[in-house]
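> Before I ask anything, let me first share the structure, which is written out below as structure tokens.
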Amino acid sequence: MKSASATKKRTPNGVHYLNVKMRARTAQRKRQRLIGQLCAVSLIVAVACGLIWFGLNKALDKFFFSNPAYNLCELEVELDGVMTREDLLAETGIQSGDNIFRIDIAGIDHKLREIPMVADVSIERIMPGRIEIALTRRIPVAWVSKSSDSSVDYDPNSMLLVDDSGFLMKPRLLQQEYHQLPIIYGVKVEKIQEGSLLEGDDLKNALTLLREARDQAKSLLVIRSLNISKGYCIDALTDQNARVKFASGDFPTQLMKLQRLLEHCRDTGREIESVNLMVAKNTPVKFVMAAPPEPVSDKQKSIPQKSKPKKN
């Protein structure tokens, strides 16, 4: 007669349960073994990386960052009239003798680009002990006054420079050429902020007019100021104190018409007092009246004229 244990082993349900349980335990042991191996490998790799990193840091510090051969001994700068060398050193914190690899090139680049007058920055580290810094300035085309009154005296402290794109900036060094730039009046004060882009159709028209006037061949026009406060037109004042009214558009045609008038004045010796270029035909022009001759005083009348000697 067969035993009960043997009968139990032959039972299909019992055999299936034991096999599943054994396979589960085997899989669990394999997972634990695999996790242990992965942890050991990760620990070995981490220790190895740490040792390599430590060794590299020591090597870099010894051969580069603490090596006196790479101390800064020559600083070459091209500042394009943006600032002085002393200002650059104060702005960047660069000092002679600093290790060139410890100088934060990216931070200096960012700091210099934040200066509104700077258009581009180039910084180059040249071994063993040289750094070259080159600045490119924005090119101003006019001043923007905070006053709408064009009769206000020229004062750089109350104005900002503007380039062709409308970007506003305040110069650190006041170049002689900046004194010759025209002044734009009539811009809203709240819009005049250093380091910002001044938008608006009126200002864009004024900048376009100045650009067209500069590009005009053999131009006799020298604009001293522009007033854009009216909006529908631009009131310009020339270096000859002539008042010119421009329409807000088609500047090449208006400038060509004005050029012919200026050529006529040059050839005839006359001067323009005012001209309205907004009128397409029969342009209204007012010329400066010639000064009347000085009256002869009674004293001059009483002086007898010398008679000419008679010929024999």
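The values are calculated or read from the model by the stated rules, or taken from the named source; none is laboratory data. Just so it is clear, the structure is predicted and the values come from calculations on it, not from any experiment. Positions of Cβ are generated from backbone atoms using ideal geometry, with glycine treated the same way; all protein chains shown enter the neighbour counts.
> For the condition exposed (fewer than 14 other Cβ atoms within 10 Å of the Cβ), of a type outside the set (S, T, N, Q) and either touching a Leu at 6+ places or on another chain (Cβ under 7 Å) or at pLDDT below 90 (or both), what is the one hit in ASP120, ASP155?
Exactly one residue qualifies, and that residue is ASP155.
> Another question, then. Going through the range 210-242 one residue at a time, which ones are surrounded by 17 or more Cβ atoms within 10 Å (Cβ to Cβ), touching an Asp or Glu at 6+ places or on another chain (Cβ under 7 Å), part of a loop (DSSP other than H, G, I, E, B) and touching a residue at least 40 places away in the same chain (Cβ under 8 Å)?
Of everything in the range 210-242, just one residue is surrounded by 17 or more Cβ atoms within 10 Å (Cβ to Cβ), touching an Asp or Glu at 6+ places or on another chain (Cβ under 7 Å), part of a loop (DSSP other than H, G, I, E, B) and touching a residue at least 40 places away in the same chain (Cβ under 8 Å), namely ILE228.
> Could you please find all residues in the range 73-116 being crowded, with 18+ Cβ neighbours inside 10 Å and of a type in the set (Ser, Thr, Tyr)?
The answer is THR92, and nothing else.
> Further question: Mind checking whether some residue in the range 159-166 is farther than 19 Å from GLY249 by Cα and either exposed (fewer than 13 other Cβ atoms within 10 Å of the Cβ) or among the basic types (Lys, Arg) (or both)?
No, because not a single residue in the range 159-166 is farther than 19 Å from GLY249 by Cα and either exposed (fewer than 13 other Cβ atoms within 10 Å of the Cβ) or among the basic types (Lys, Arg) (or both).
> Continuing with the same structure: Answer yes or no as to whether LEU220 is under 14 Å from VAL162 (Cα atoms) and either aliphatic (A, V, I, L, M) or not assigned by TED's automatic domain parsing to the domain that holds PHE167 (or both).
When the stated conditions are applied, LEU220 does not pass them.
> Ok, one more. Those residues that are surrounded by 12 or more Cβ atoms within 10 Å (Cβ to Cβ) and either free of Cβ contacts under 8 Å to residues at least 24 places away in the same chain or not in a helix (DSSP H, G or I) (or both), I need them from the range 262-275; list them, please.
HIS264, CYS265, ARG270, GLU271, ILE272, GLU273, SER274, VAL275
> Looking only at the range 168-183, decide whether some residue is at positive phi, touching a residue at least 40 places away in the same chain (Cβ under 8 Å) and in the same structural domain as THR208 (by TED's automatic domain parsing).
Checked against the condition, which is being at positive phi, touching a residue at least 40 places away in the same chain (Cβ under 8 Å) and in the same structural domain as THR208 (by TED's automatic domain parsing), the range 168-183 yields no hits at all.
> I would also like to ask the following. Considering only the range 168-191, state which residues are under 17 Å from the mean Cα position of the chain (by Cα) and closer than 19 Å to ARG214 by Cα.
TYR178
> Specify the residue that is farthest from SER165 (Cα to Cα); the eligible residues are those in the range 186-209 that are of a type outside the set (Gly, Ala, Ser) and part of a loop (DSSP other than H, G, I, E, B).
Only one residue fits best here, namely LYS188.
> Please work out which residue is nearest to the chain's Cα centre (by Cα), limiting yourself to the range 243-261 and to residues that are crowded, with 18+ Cβ neighbours inside 10 Å and farther than 18 Å from TYR185 by Cα.
Top of the filtered list is PHE251.
> Out of ARG211, ARG270, I need the residue that is closer than 30 Å to THR84 by Cα and either modelled with pLDDT of 90 or more or of a type in the set (Phe, Trp, Tyr) (or both). Which one?
ARG211
> Also, I was wondering about something else. I'd like to verify a number: residues in the range 154-194 that are closer than 18 Å to LYS204 by Cα and of a type in the set (Lys, Arg), how many?
2
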